[in-house]
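Below you'll find the structure, written out as structure tokens, and then a few comments.
The values are calculated or read from the model by the stated rules, or taken from the named source; none is laboratory data. On a predicted model such as this, the values are computed, not experimentally measured, just so you know. Virtual Cβ from ideal backbone geometry, glycine too; neighbours counted across all protein chains shown. The area values use the complete protein model at the heavy-atom level, side chains included, leaving out ligands, DNA and RNA. Shrake-Rupley method; radii C 1.70, N 1.55, O 1.52, S 1.80 Å.
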Amino acid sequence: MAIEPRSALVPDLSMLSVTLQALLGDGKGIPKLLRLRLLSVMHTPAGRAALRPMLAQPGQRRQIPSAVAPLTPVGDLPMETQIDALRSNHNDRLRSNLVEIYGDRIPPVWRELAERPARWSRALGDALADVWSGPGRDAWSRSRTALDSELRRHDSMLDRGATHTLLNTLSPRIRFDGAGFVLDGRVKVPVGNRKIVLAPMISAPDSMVVENSDPVAVVVGYPLPGALASWSPAGLPVRESSDALATVIGHVRAAILRRLPQPMTMSQLAADLNCAPSTATHHCNTLESAGLVERIRQGKTILVRRTPRGCALVDIFT
């Protein structure tokens, strides 16, 4: 039977991958600025609790139930569609997914969540929505040129009849043997009569996502080299003189206000602005004296956030 892989842009695979990598805290393969921005929006306990079981321990292969993606992509799948599916799905298959992975020895970290799958699914949807509305959409947009180029590579190789070559040049971690995929040299994923969907991801170089539970398609999410290279260390576009807010309060202070839809620490702000912490502190002090930002304490951490007055000012000049 002829193998005809399909290509798909599936941002939820990338968002889940980079978020888990950021939460691991090792910083491997994720630009520091992006990691800090991801962590800055992961502030809800329910969201972190929904993601925590998917963090592999050192030396372990990460086990992710297919319930994290209620909709199996057989083509491009918008992020908002998958988020809506998570938020509205009872996700009764979570427990069966866990049994497939762990048998009757479901880890304690999963047990409580498996008893309330709808709550877990909503929390995961909310967490990914926060990531997408924060740095996620920006990271995906900055990577679109690289992603589109990769899809053209797919088309070119398929047109030349180089299907097996394509399937064996996705990642060093995965190989295609004609009957299916072999992950990490030991985990076999037979394809059978199912479709193969290739989904390039913006993620750490060693990331892989293989969705094998769907009867229609095997989805292979693989890291696209260089996809995050466009994430500028400065993290901020140059403001033109037509920026009315910057004209009123200054470029740096306007950038700070725009960077605070969610609270951030001073060190996160400094990294985001690509400036010294003392510079960020100086401008935040000025904004605070004008009633546009305020400092709040969460445990031992001091966060900066916009006040209602600051939000109103940003809205006026947006």
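Cβ contacts < 6 Å: first residue exposed (fewer than 13 other Cβ atoms within 10 Å of the Cβ), restricted to the range 166-185; second residue in a loop (DSSP other than H, G, I, E, B), any location; separation 6+ or different chain. Result?
Every condition considered, the pairs that remain are Asp184/Arg173.
Restricting to the range 152-165, and then to whatever is closer than 29 Å to Arg142 by Cα and touching a strand residue (DSSP E or B) at 6+ places or on another chain (Cβ under 8 Å), can you tell me which residue is surrounded by the fewest Cβ atoms within 10 Å (Cβ to Cβ)?
The selected residue is Asp155.
Is there a residue being in a helix (DSSP H, G or I) and modelled with pLDDT under 85 anywhere in the range 285-303? So that I can check it myself, show each step before the final result.
In the first step, residues of the range 285-303 are kept if they are in a helix (DSSP H, G or I); the result is 285-289.
Okay, now just the ones that are also modelled with pLDDT under 85, so 286, 289.
Checked against the condition, which is being in a helix (DSSP H, G or I) and modelled with pLDDT under 85, the range 285-303 yields at least one hit.
Hey, among Ala229, Ala204, Ala234, Ala199, which residue is surrounded by 16 or more Cβ atoms within 10 Å (Cβ to Cβ), of a type outside the set (Ser, Thr, Tyr), at pLDDT below 85 and more than 20 Å from Val314 (Cα to Cα)? Please lay out each step first, then the result.
Working: Ala229 fails: surrounded by 16 or more Cβ atoms within 10 Å (Cβ to Cβ); Ala234 fails: surrounded by 16 or more Cβ atoms within 10 Å (Cβ to Cβ); Ala199 fails: at pLDDT below 85.
The unique qualifying residue is Ala204.
Which residues, counting only those in the range 144-161, are charged (D, E, K, R) and either modelled with pLDDT of 90 or more or in a helix (DSSP H, G or I) (or both)? Before you say what the answer is, go through the steps one by one.
Within the range 144-161, the subset charged (D, E, K, R) is 144, 148, 150, 152-153, 155, 159-160.
Arg144, Asp148, Glu150, Arg152, Arg153, Asp155, Asp159, listed by residue number.
Answer with yes or no whether Leu147 is touching a Pro at 6+ places or on another chain (Cβ under 9 Å), touching a residue at least 12 places away in the same chain (Cβ under 8 Å), within 26 Å of Ile30 (Cβ to Cβ) and open to solvent by less than 20 Å² (accessible area, probe 1.4 Å).
Numbers: touching a Pro at 6+ places or on another chain (Cβ under 9 Å): yes; touching a residue at least 12 places away in the same chain (Cβ under 8 Å): yes; within 26 Å of Ile30 (Cβ to Cβ): yes; open to solvent by less than 20 Å² (accessible area, probe 1.4 Å): yes.
Judged against the criteria, Leu147 is a match.
Which one of the conditions (1) over 30 Å from Glu4 (Cα atoms); (2) open to solvent by 60 Å² or more (accessible area, probe 1.4 Å) does Asp76 fail to meet, given that it meets all the rest?
(1)
For the range 162-177: of the residues being part of a helix (DSSP H, G or I) and not aliphatic (A, V, I, L, M), which is nearest to Asp76 (Cα to Cα)? Show your work before the answer.
Restricting attention to the range 162-177, the residues satisfying the condition of being part of a helix (DSSP H, G or I) are 163-167.
Adding the requirement that they be not aliphatic (A, V, I, L, M) leaves 163-165.
Working: Thr163: 20, His164: 22, Thr165: 23 Å.
Only one residue tops the list, namely Thr163.
Would you call Glu4 open to solvent by 20 Å² or more (accessible area, probe 1.4 Å) and at pLDDT 90 or above?
no
Taking into account only those residues within the range 266-318 that are among the polar types (S, T, N, Q) and more than 24 Å from Leu33 (Cβ to Cβ), which is surrounded by the most Cβ atoms within 10 Å (Cβ to Cβ)?
Going through the qualifying residues, I end up with Thr307.
Would you pick out the residues in the range 178-221 that are closer than 20 Å to Ile101 by Cα, touching a helix residue (DSSP H, G or I) at 6+ places or on another chain (Cβ under 9 Å) and either among the β-branched types (Val, Ile, Thr) or assigned to a strand (DSSP E or B) (or both)?
Answer for the range 178-221, where residues must be closer than 20 Å to Ile101 by Cα, touching a helix residue (DSSP H, G or I) at 6+ places or on another chain (Cβ under 9 Å) and either among the β-branched types (Val, Ile, Thr) or assigned to a strand (DSSP E or B) (or both): Phe181, Val209, Glu211, Val219, Val220, Gly221.
Any chance you could count how many residues in the range 260-284 are hydrophobic (A, V, I, L, M, F, W, C) and outside any helix (DSSP H, G or I)?
First, the residues of the range 260-284 that are hydrophobic (A, V, I, L, M, F, W, C): 260, 264, 266, 269-271, 273, 275-276, 280, 284.
With outside any helix (DSSP H, G or I) added as a condition, the list becomes 260, 264, 275-276.
Selection size over the range 260-284: 4.
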